[in-house]
Amino acid sequence: MLDTTAEEYRFLLNRLTDYFNNKNSMNRREFIKNVARAGVAVGFPTIIPASALGKDGAVAPSERITMASIGLGTQGTANTKNFFSDKRVQIVALCDVNNTEGRQYYGYGNNETRGMRAARAQFGMDIPAFNDFREVLEQPGIDVVTTATPDHWHALVGLACVAKGKDVFGEKPLTRTIREGQVLRDSVMNSGCIWQTGSWQRSLPAFVRAAEIVRNGYLGQISRIKIGLPSNFKAETLSPEPVPEGFDWEMWQGPAPRSSFYNPRRTFTRWRGVTNYSAGKIADWGAHHLDIALWALGCDDSGPKEIVPTHIEWPKDGFSDQPMKFRVSLFYNNGVEIEISDMNRNGVEFFGSKGKLFVSRETIFSDPIGIAETRILPTEDRLFPIRHGDHFTAFIDSVLDRRIAVTDIDVAHRTNTGCLLAEIAYKLNRPIKWDIKNEKIIGDEQAARLCDRAYSAPWVLPA
């Protein structure tokens, strides 16, 4: 169970900010007293590493943040590129299990190579390179970590980073299972580390505008939200191929169920079509769109009370075991139904008593038309301000001033929980009920067991 609530966690981080801004007026005893109010038993150096204070020759974060990058596939390389371009950041370590030429990524919307070799060529051949993330975390002088592994690795890599006191930019969805999310959330919230999840739509003006319009009542009472996601990968028929030299297939699988079937397309560009590694689009894109819906409603610290699947079509053959078509509804205590389907238009559509509003990465429009053009006043409910322009610089801002991140750990966990409950409901093809306070499925033992899964040896999820 949590030792620290989300509100107390925010309080703790804000007290850290006060400390940095008022080091001359706040002594150590006052600081620890304030931290104790949040119910966290920590010593001063545990929360603030020496590098954060510029001691022992380390560079203070206000001047330069040292970052390690774990996972250098398509998303990880893109994230690292964004941080690499920030003059406040220095990339000091790279980690990936793929040390081949990286051509396995061809055909994934681009013809660029990925993996360790490509990353070193792009970011610097002098940057230390590692195959095992645990070796990275043993290196001195690393302040923060950006990690973008396949979903089945998210929990263990994140937990290892936090255990070493690192601030983390972690990819969405937060974890592969609900239980992993609970453990990771608890660990982060009791650590004092900054965690930001890559649900970057919160940093796009159109989504901020849509959420503020809903928050301030311009659509009236919201009764329903429709979320449209892309469909899962087509169930192609693939043949096994030899594992290429330079690729650590065992490490790539990690805690997931073991498989002897290797195919580069299944492993590098279509792994989200395999349940062992991912929940598919319901969690991949759901982590984006459900996040926006809950943010707009002001209930991103809660969860659904009931989850009801209404349509499901499974593939008849091929490598993918994700549904080809799906529709599932999540019902919340505020009376709102959120329908998630790959048969809806990609985006988030709000239905209120005064009109409706649709927002996506490409557009925002409303009926009546004028609602989408509403000017939100400074005195109204405004959402998280992006101070330097995007999701990545916002993370660095939070690292520097110790303020809560744009999509912090509890927000990411609550959104991911909704997505994974939807997955469980359509897998069983029946409604399930969720105890929001205690975070568990009630009245259905089979469904409850799907909130967790066994790890392959030697990997273990910390209790």
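The values are calculated or read from the model by the stated rules, or taken from the named source; none is laboratory data. Since we're looking at a predicted model, the values are computed, not measured. Positions of Cβ are backbone-derived with ideal geometry, glycine not excepted, and every protein chain shown enters the neighbour counts.
Remarks
- Some residue of the stretch 325-333 being closer than 18 Å to residue 412 by Cβ and among the hydrophobic types (A, V, I, L, M, F, W, C): yes
- Index of the failed condition, residue 65 passing every other in (1) closer than 23 Å to residue 153 by Cβ; (2) surrounded by 18 or more Cβ atoms within 10 Å (Cβ to Cβ); (3) modelled with pLDDT of 75 or more: (1)
- Selected residue (criterion: nearest to residue 182 (Cα to Cα)) from residues of the stretch 420-463 that are of a type in the set (Lys, Arg) and outside any loop (DSSP other than H, G, I, E, B): 440
- Positions within the stretch 234-274 being among the charged types (D, E, K, R) and touching a residue at least 12 places away in the same chain (Cβ under 8 Å), in sequence order: 234, 236, 241, 245, 248, 258, 265, 266, 270, 272
- Within the stretch 197-243, the set of residues being hydroxyl-bearing (Ser, Thr, Tyr), touching an Asp or Glu at 6+ places or on another chain (Cβ under 7 Å) and surrounded by fewer than 19 Cβ atoms within 10 Å (Cβ to Cβ) comprises 231, 237.
- Among the residues of this structure, residue 260 does not count as one that is closer than 30 Å to residue 356 by Cα and either crowded, with 20+ Cβ neighbours inside 10 Å or at pLDDT below 95 (or both).
- Residue count, the stretch 400-419 (criterion: in a loop (DSSP other than H, G, I, E, B) and among the hydrophobic types (A, V, I, L, M, F, W, C)): 3
- Test result for residue 365, part of a strand (DSSP E or B) and surrounded by fewer than 20 Cβ atoms within 10 Å (Cβ to Cβ): yes
- Scanning the stretch 80-110 for residues that are polar (S, T, N, Q) and either modelled with pLDDT under 75 or surrounded by 24 or more Cβ atoms within 10 Å (Cβ to Cβ) (or both) gives 80, 98, 104, 110.
- Members of the stretch 263-286 found to be under 22 Å from residue 435 (Cβ atoms) and part of a helix (DSSP H, G or I), listed by number: 282, 283, 286
- Scanning the stretch 191-205 for residues that are assigned to a helix (DSSP H, G or I) and in contact (Cβ under 8 Å) with a residue 12 or more places away in the chain returns 200, 201, 202, 203.
- Test: residue in the stretch 151-166 that is touching a Gly at 6+ places or on another chain (Cβ under 6 Å), under 27 Å from residue 438 (Cβ atoms), surrounded by 22 or more Cβ atoms within 10 Å (Cβ to Cβ) and without any contact (Cβ under 8 Å) to a residue 40 or more places away in the chain: yes
- Meets criteria (basic (Lys, Arg) and within 22 Å of residue 201 (Cβ to Cβ)) for residue 272: yes
- With a requirement of 2 or more residues that are within 30 Å of residue 268 (Cβ to Cβ) and touching a Pro at 6+ places or on another chain (Cβ under 9 Å), the strands (runs of 3 or more DSSP E) lying completely within the stretch 320-362 that satisfy it span 325-331.
- Qualifying positions in the stretch 231-247 - touching a Phe, Trp or Tyr at 6+ places or on another chain (Cβ under 7 Å) and basic (Lys, Arg): none
- Selected residue (only one of 184, 174 is in contact with a His (Cβ under 6 Å, 6 or more places away or on another chain), surrounded by 23 or more Cβ atoms within 10 Å (Cβ to Cβ) and either more than 22 Å from residue 115 (Cα to Cα) or touching a residue at least 40 places away in the same chain (Cβ under 8 Å) (or both)): 174
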